[in-house]
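Comments concern the structure below.
The values are calculated or read from the model by the stated rules, or taken from the named source; none is laboratory data. The model shown is predicted, which means the values in this text are computed figures rather than measured ones. Neighbour counts run over all protein chains shown; Cβ positions are idealised from the backbone, glycine included. Side chains included, ligands, DNA and RNA excluded: accessible areas come from the protein's heavy atoms. Shrake-Rupley method; radii C 1.70, N 1.55, O 1.52, S 1.80 Å.
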Amino acid sequence: MDYKKILEEIYNEIQPYKEIGQQATYIPELAKINPDQFGMCIDSLDGKSYSLGQSDKPFSIQSIVKVFALAMCLHFEGDKLWQRVGKEPSGTSFNSVVLLEMEKGIPRNPFINAGAMVITDILMDHLKNPEEQFLAFVQELCGNKNIRYNEKVAVSEREKGYLNAATVNLLKYYGNINNDIERVLQFYFRQCSIEMSCTDLARAFLAFANHHSPFRFGEIQLSSSQVKRINAIMQTCGFYDEAGEFSFLVGLPGKSGVGGGIAAIYPSRYSVAVWSPRLNPKGNSVMGIKALELLTTKTEESIF
């Protein structure tokens, strides 16, 4: 498969979409990002890498980080995790509290904000130095020791994080948060602020595409079955309330973030990351989704 040629074709064909949508203005620091940027990288399990555009430009990965947090949490909790968070698509926006009240503080899945805060709380129960140990895990996944939190983004999110604060308070009310709620919020926003490039993300997600080699990064180990379960949740819950549309158009497990990034995998074949800050009303990258749709169309490779 000539992925280099395919990436060039994709870039030419997505140009009509380059002025559609806008960056995540509700997070002040993200509102400052130049929206007219695009990068894409594919890493294959046979060791080859193909990139295009600003694939080495770091950006705030936001909710993509929830995949890494889930992986770490599964290492510590195993199937006990599912007593505190579900595995179902929510059908509501990523920051909605409607179902949380109806379902007595059990979030639908780990990728909506409420679910990610429960995951954050669990990690705090297990980690002596949560920020340092979590960052070390992400660095190990992508093989880049220079990965850092963007403290300005984290502070910016906290200053405007009224709905997230309401969410964690509701979780605490129902007994699904053990730690201090302000501390949970602080760690959660720092996770989301992590900056990675498409190159970093593609390398990190390659571990989730490889079901035949052990998942071992530092002290974090997962079974092949657990990695496959993460793939399943990415497929059904990875794109907020647009997961069905993404499955229909693209047909790959993946996770998006309001920083404009998307990371996805073709199991046993490759990982791919794309970044373009302009978002659609659901919070997903306009050019990112179109690029991945064209990728699976041109390669005729999807999980379906």
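Given a 1.4 angstrom probe, I'd like the percentage of the accessible area of region 244-304 that is carbon and sulfur, rounded to a whole number.
Whole-percent figure for carbon plus sulfur exposure: 53.
Relative contact order for region 197-304 using alpha-carbon pairs under 8 Å, separation at least 6, rounded to a whole percent?
26 percent
What is the angle, in °, between the Cα long axis of helix 286-299 and the longest principal axis of the Cα atoms in the chain? Nearest 10 is fine, range 0 to 90.
50 degrees
Describe numerically, in nm with one decimal, the distance between label points set 7 Å from Cα along Cα→Cβ at GLU8 and at GLU182.
Each label point is offset 7 Å from its Cα along the Cβ direction, giving 5.6 nm.
Computed FRET efficiency, Cβ-Cβ of ASN169 and LYS228, R0 45 Å: what is it to the nearest 0.05?
0.85
Using the alpha-carbon centroid of each, what span in Å lies between region 244-304 and region 176-208?
One Cα centre to the other: 20 Å.
Enumerate the aspartates and glutamates that LYS4 could reach by cross-link, defined here as Cα to Cα under 13 Å, with residues fewer than 8 away along the same chain left out.
Cross-link targets: ASP43.
Quick check: Cα centre of region 1-74 to Cα centre of region 102-121, how many Å?
If we compute the Cα centre of each part, the gap is 26 Å.
Just to verify a number: FRET efficiency for ASP125 and LYS18, C-beta to C-beta distance, R0 = 41 Å, to 0.05?
0.40
If R₀ is 22 angstrom, what is the calculated FRET efficiency for the pair GLU245 and PHE304, using the beta carbon separation as r and rounding to 0.05?
On the way: r = 14 Å, r/R0 = 0.65.
Once the sixth-power term is evaluated, E becomes 0.95.
Give the lysines whose C-alpha is closer than 23 Å to that of LYS282, dropping any in the same chain fewer than 8 places away, or say none.
LYS18, LYS32, LYS66, LYS87, LYS160, LYS255, LYS290
Relative contact order for the chain using alpha-carbon pairs under 8 Å, separation at least 6, rounded to a whole percent?
For the chain, the relative contact order is 28 percent.
Could you tell me how many degrees, from 0 to 90 and to the nearest 10, lie between the Cα long axis of helix 181-193 and the main elongation axis, the longest principal axis, of the Cα atoms of the chain?
10 degrees
Do you know the relative contact order of region 25-78, to the nearest whole percent, from alpha carbon pairs under 8 angstrom that are 6+ apart?
Averaging sequence separation for qualifying contacts and normalising by length gives 23 percent for region 25-78.
How large is the accessible surface per residue of region 55-183, computed with a 1.4 Å probe and reported in Å² as a whole number?
Accessible area per residue: 44 Å².
Among the aspartates and glutamates, which have Cα under 15 Å from the Cα of LYS152 when same-chain residues fewer than 8 positions away are ignored?
GLU29, GLU195
Using a 1.4 Å probe and ignoring any ligands, DNA or RNA, find the accessible area of ARG203 and quote it in Å² to the nearest 10.
100 Å²
For helix 162-173, report the angle its Cα long axis makes with the longest principal axis of the Cα atoms of the chain; keep it between 0 and 90° and round to the nearest 10°.
Once rounded, one gets 50 degrees.
How big is the accessible area of LYS66 in square angstrom, nearest 10, if you roll a 1.4 angstrom probe over the protein chains?
Only protein atoms counted, so the area is about 10 Å².
As a test of reading the structure, rank LEU249, LEU279, LEU163 by solvent-accessible area (1.4 Å probe, protein chains only), most first.
Solvent-accessible surface, decreasing: LEU163, LEU249, LEU279.
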